[in-house]
1. Give me the pairs: first residue in the range B:96-107 and facing another protein chain (nearest Cβ under 7 Å), second residue open to solvent by less than 20 Å² (accessible area, probe 1.4 Å), beta-carbon distance under 6 Å, and six or more apart or on different chains, which are they?
2. Where the second residue is open to solvent by 40 Å² or more (accessible area, probe 1.4 Å) and basic (Lys, Arg) and the first is facing chain B (nearest Cβ under 8 Å) and lies in the range D:257-281, which pairs have Cβ atoms under 7 Å and are six or more apart or on separate chains?
3. Taking B:Asn292 and the conditions (1) within 8 Å of chain D (Cβ to nearest Cβ); (2) closer than 24 Å to A:Gly191 by Cα; (3) in contact with an Asp or Glu (Cβ under 6 Å, 6 or more places away or on another chain), which numbered condition does it fall short on, given that it satisfies the others?
4. Looking at C:Ala189, C:Ala193 in this structure, which one is within 14 Å of chain D (Cβ to nearest Cβ), open to solvent by 10 Å² or more (accessible area, probe 1.4 Å) and either of a type in the set (D, E, K, R) or over 14 Å from C:Thr262 (Cα atoms) (or both)?
5. Just name the residue that is nearest to the other protein chains (Cβ to nearest Cβ) out of those in the range A:297-321 that are crowded, with 20+ Cβ neighbours inside 10 Å and in a loop (DSSP other than H, G, I, E, B).
6. Is there any pair with a first residue in the range A:108-129 that is under 25 Å from A:Met348 (Cβ atoms) and a second that is part of a loop (DSSP other than H, G, I, E, B) and of a type in the set (Asp, Glu) whose Cβ atoms are under 9 Å apart and which are 6 or more apart or on different chains, and what are they?
7. Could you pull out the residue among D:Ile147, D:Ile124 that is buried (at least 24 other Cβ atoms within 10 Å of the Cβ) and under 16 Å from the mean Cα position of the chain (by Cα)?
4 protein chains.
Amino acid sequence: MAKKMLAAIKKEATAGAELVETDIPTPNSDEVLIKVKACSICGTDKHIYTWDAWAASRIKPPMIFGHECCGEVIEVGASVKNIAVGDYISAETHIPCRHCYQCKTGNMHLCNNLVILGVDRDGIFAEYATIPEICCWKNDKSMPIEIASIQEPFGNAVYTVMESNVSAKRIAIVGDGPIAAFACGIAKAMGAAYIYNLGMMPFNLDICKKMGAQVSINVFKEKDYRQRIIDETNGGVDVVLDMAGNKPAVDDGFAILRSTGTYTSFGLAPAPFEFDMANNIVFKGANIIGINGRKMFETWYQLKNILDYKLVDPNPVISHVMPFKDFIKAMEMAVSNDVPTSKIILTMPQ
Amino acid sequence: MAKKMLAAIKKEATAGAELVETDIPTPNSDEVLIKVKACSICGTDKHIYTWDAWAASRIKPPMIFGHECCGEVIEVGASVKNIAVGDYISAETHIPCRHCYQCKTGNMHLCNNLVILGVDRDGIFAEYATIPEICCWKNDKSMPIEIASIQEPFGNAVYTVMESNVSAKRIAIVGDGPIAAFACGIAKAMGAAYIYNLGMMPFNLDICKKMGAQVSINVFKEKDYRQRIIDETNGGVDVVLDMAGNKPAVDDGFAILRSTGTYTSFGLAPAPFEFDMANNIVFKGANIIGINGRKMFETWYQLKNILDYKLVDPNPVISHVMPFKDFIKAMEMAVSNDVPTSKIILTMPQ
Amino acid sequence: MAKKMLAAIKKEATAGAELVETDIPTPNSDEVLIKVKACSICGTDKHIYTWDAWAASRIKPPMIFGHECCGEVIEVGASVKNIAVGDYISAETHIPCRHCYQCKTGNMHLCNNLVILGVDRDGIFAEYATIPEICCWKNDKSMPIEIASIQEPFGNAVYTVMESNVSAKRIAIVGDGPIAAFACGIAKAMGAAYIYNLGMMPFNLDICKKMGAQVSINVFKEKDYRQRIIDETNGGVDVVLDMAGNKPAVDDGFAILRSTGTYTSFGLAPAPFEFDMANNIVFKGANIIGINGRKMFETWYQLKNILDYKLVDPNPVISHVMPFKDFIKAMEMAVSNDVPTSKIILTMPQ
Amino acid sequence: MAKKMLAAIKKEATAGAELVETDIPTPNSDEVLIKVKACSICGTDKHIYTWDAWAASRIKPPMIFGHECCGEVIEVGASVKNIAVGDYISAETHIPCRHCYQCKTGNMHLCNNLVILGVDRDGIFAEYATIPEICCWKNDKSMPIEIASIQEPFGNAVYTVMESNVSAKRIAIVGDGPIAAFACGIAKAMGAAYIYNLGMMPFNLDICKKMGAQVSINVFKEKDYRQRIIDETNGGVDVVLDMAGNKPAVDDGFAILRSTGTYTSFGLAPAPFEFDMANNIVFKGANIIGINGRKMFETWYQLKNILDYKLVDPNPVISHVMPFKDFIKAMEMAVSNDVPTSKIILTMPQ
């Protein structure tokens, strides 16, 4: 076996990254080593790459970043029981401690001692990576590597939609990034009656529409869209999936939510903002649900069914597939506005 | 206005019915009078027509039976506020008292003093009928009368599916009558990943398949289907919708239900039967949900969305549309096995 | 019967009120007329009395205000069916339209056309008052009038606690007004394992403690109470009941809420404020539930059981019982800080 | 350390057991060895001791039986991480595989490959026992050993009550054994408004009453108790906790359950029996919840709060505390009717 591998490393506490040769890691007793087949770029990776305030406060260089991936298991630690060499896996990226209150009560994904792959420890933007056994999800050998890699963010969307009871309801999905686009497809497949999609980028709004949104609203261009939605729905949508999280998005979301509606909050604002709790939550008798990660592993079983039975085709969300050697180019594309992107996949030579 | 109307009357406590002229009824102060546009035949009507043990114990002839219908409001009682002459309505058939515990806590459909249209009082197999305002559901004028008439049984299926959380799950629908067929369509539209349909009649199994079931199992002909389902689902389906209710159906249903699964019980057995509560419910940690009627009116809003946004096309379930003057012929067809039937609609001259 | 009655009237759009003689009202066909036995002062009444910004935007003088009451029915409108002369009732104060989406789906208390007694129409600070039949709750004749009058705010607390699943959990109740105090008693009775109560007024904190709080925290005087609670609960309380709503209260509430906890929001802030949705809701996977009014009438049945079976004694919350003729004095006491108050009851000569 | 220990062994496939010397077991790498401090007798142990049909079909002698216990950890396996020598633990008795669907989705207690301590492998009626780390629950050193031992069956009652939403409701608890008695105490502590307890043994009914039941009904002696309950509750109780499971108990339970009520099924009937699904479940719109084991470990956290904060005192249920050397005598007492018993504890010399 090779001893060296190509890896995308955040070397210093500044913008950028380097694609360099480094040692192939050795799995701990409860980890496996995978040969990465594909990985994909998440919004989190952009924060790390551009070194924004959040990244500066959380990331400890030097480290390999990245967390969305799939690969083949080529070595297993001594105490690994249920994963074997040759298995084709994707990684759940929330690494739980397994003994805190959250872990012991069905919420490992919100572990009190949570370690996130590619954020709090070395990640998977590399030819090889170690993954804790608890985070391995076995794929069917027939699954395309691009799809296998995006199951993690697809799972965010599955979790968001599943907690929101969208069936037979008129809903709004606020945001137009890859997870919002997945959510459009999943919500439609789960029986959402009508989906308003609010976004800002024509390229991405189009993807959301392909995935299942009936109405695309470019909030930069349209006027009075709040009133339009309220009128068409006779008082507001039943459910809002907030995949954006910033103040204008939240304001839009609550403005168009009917009384007794459900607001599911997945998107993250970079900072606190002014919020009208009395009118948004109390007077409406609304229910707000915070979503982070994926239920381990109920969400994965759900996404397996959704993909196996072809309830949703995630392919329209994959805007670019590039070789891993072009990682820096891909990253630059992801963080610039020169070329519109949605989900970018990086593949290894197979 | 005419003073006489044609109506299907159960004259005596014996099998059969008569289509005769009788007085057009006068609405009470809280009722409306409708000119019936279409009505449809329910399993309950067959019990009344054939005068089985249940009918003999419940029905007090002479009376007009039938409860699935739509029509135009041509007169309103003095205290009616929200329904007007000219409105095109369908009837919710559970008439609540509005002041018992169930009515005051959101469960009018299970009113402690429940009166059922066409069962406990005169129904709608007639050219005109009175409907309590509380039971009127306004239709859009553009809705075809056949669809408007079958919303009541369609609503049974909507309620059953909605209580069962079928999204992204593998489920079984036991039974192949019209409501089972609707349930196949609705479950598929609400994101059921895979639907096994167990029935007995090839004609009806075919309709269920058209509506959305992936697998049709004729329990009279196939062998080892329980094991097949358990194997294919790696331990049993997540949800069983029991639209049949008889002992073989219930035995099938629990045999193929996985641990921690949901069993939703809508079908009615004519009598008690031997049941293994320890293995079916306790050891499995299963959840059983009894379904009767439709939530008033949450279910109706849901079915409106399902039909308005074309999530389900109920037409394949309508096997026959006949003029109301052929009511007896239709009824004979419904209760015999000579011609296979699913939902039979009777229309008035428009 | 008398033709005139004493009533507390908000005559003009300015602070204060007058206790004057006016005509006894006549009930509409769907209303009853009650001879008021007792009424009580709510925070809303203080806003109206002091004429703050909210009152100025909502109240249309001249009008009789007040909404918490009990009384004897002395006349019923023509279409009233389930309430009779002689009945001893309390009033639900949310008057629903009965035909909007909320009303038709079990949420009358959040009616889209909601009219509030003593806010949007004449209320009950008077010797006689009209109450819609739908809002009448029959009391047992043996219920003390002070208790009968405070069932409405007690119901707010019941609804808040019941939605929050406090059983066997460590919780915090933020706020120390009468409804917070009721909530302490109800939460304790419903099996809350340990209750932290955060407030500002020693008099009111003491009442909350009498009602069931184990720990009283005066947020003006104590330091590091957030860390203390987090330490003692090993990561934060399971549930926060926010009965205050202002920014410091909300900040406290979320600071001490553990991941995957429930935050139930009843208190109302006078204006929007800066809120950290990412950390408070998303990263925590928290659930926020808005509470307004009382479920009609599930909450009333619950509070009936709570009072009938003596699960909670609300008497410690009643700080003052005064004759109705001293209404202005009572109101002044309520809005000043000269004498500490909790719930003030005004009684009529019996 | 000693090499031999006293243990209660089921030697052969016949009634009885023997208290003999045998080897102290060696823990596997994922197990701990405890020095048992106390153990207690469960109904399951009586089935094994008397060798009924169930025992004959499930138990493979020779084996040590028993599963309720507490003890001190004196040795830990190589891969044990979170339990240390000196820890004072009680045992969860459902040993999960940790990789099946149930284990991976928050239902380890209903593992598809479930192994039960003292049923499917050697148990704890012995001076020493091995316990898988995953099944260890750390107790506070100050907890009395009798209480520590009965946390497992107490947990059954906690799980049953917690799934049933008893707060502010009138309920019935059917059965009068130790777990029914615990349930009476827990339900009362969780805010059940009124508890009817149906049983057969005066000694045990008395314990249930001490624990919190308001009304004791000896079904062998009283007449018309079903109608009495229905009348007093104006239509039936809101919730039935079935801790008995046999046909007369189930018939009683459904007869006194109101429409839209919850029936929680924990008791086990030895065989199937005739059941009226249409009237018991469908027409009532009832919800049936099967309970088996304890949620791992949500139930344990709940019971910890219940005991730590003294919401329930389980002591009245402990009818006998005897030295372990009298095991056979205790077992004979448990299975005979000569002396009435509830929970019997066996203690080791401390």
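1. Pairs that qualify, where the first residue is facing another protein chain (nearest Cβ under 7 Å) and the partner is open to solvent by less than 20 Å² (accessible area, probe 1.4 Å), are B:Gln102/B:Leu110; B:Gln102/B:Cys111; B:Lys104/C:Phe297.
2. D:Ala269/D:Lys247; D:Phe273/D:Lys247
3. Status for B:Asn292: all satisfied but (3).
4. Details: C:Ala193 fails: open to solvent by 10 Å² or more (accessible area, probe 1.4 Å).
None of the others qualify; the one that does is C:Ala189.
5. By that ranking, first place goes to A:Phe297.
6. Listed by first residue and then by second, the contacts come to A:Leu117/A:Glu92; A:Ala129/A:Asp122.
7. On the way: D:Ile147 fails: buried (at least 24 other Cβ atoms within 10 Å of the Cβ).
Every option except D:Ile124 fails the conditions.
The rows are residues; the columns are (1) open to solvent by 30 Å² or more (accessible area, probe 1.4 Å); (2) under 17 Å from B:Val161 (Cβ atoms).
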residue: B:Lys247; (1), (2): yes, no
residue: B:Gly253; (1), (2): no, yes
residue: B:Thr260; (1), (2): yes, no
residue: B:Tyr263; (1), (2): no, yes
residue: B:Asp276; (1), (2): yes, no
residue: B:Asn279; (1), (2): yes, no
residue: B:Val282; (1), (2): no, no
residue: B:Lys295; (1), (2): yes, yes
residue: B:Ala334; (1), (2): no, no
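The values are calculated or read from the model by the stated rules, or taken from the named source; none is laboratory data. Note that this is a predicted model, so its numbers are computed, not measured. Glycine also receives a Cβ, built like all others from the backbone with ideal geometry; neighbour counts cover every protein chain displayed. We work out accessible area using only protein heavy atoms, side chains counted, and drop any ligands, DNA or RNA first. Shrake-Rupley method; radii C 1.70, N 1.55, O 1.52, S 1.80 Å.
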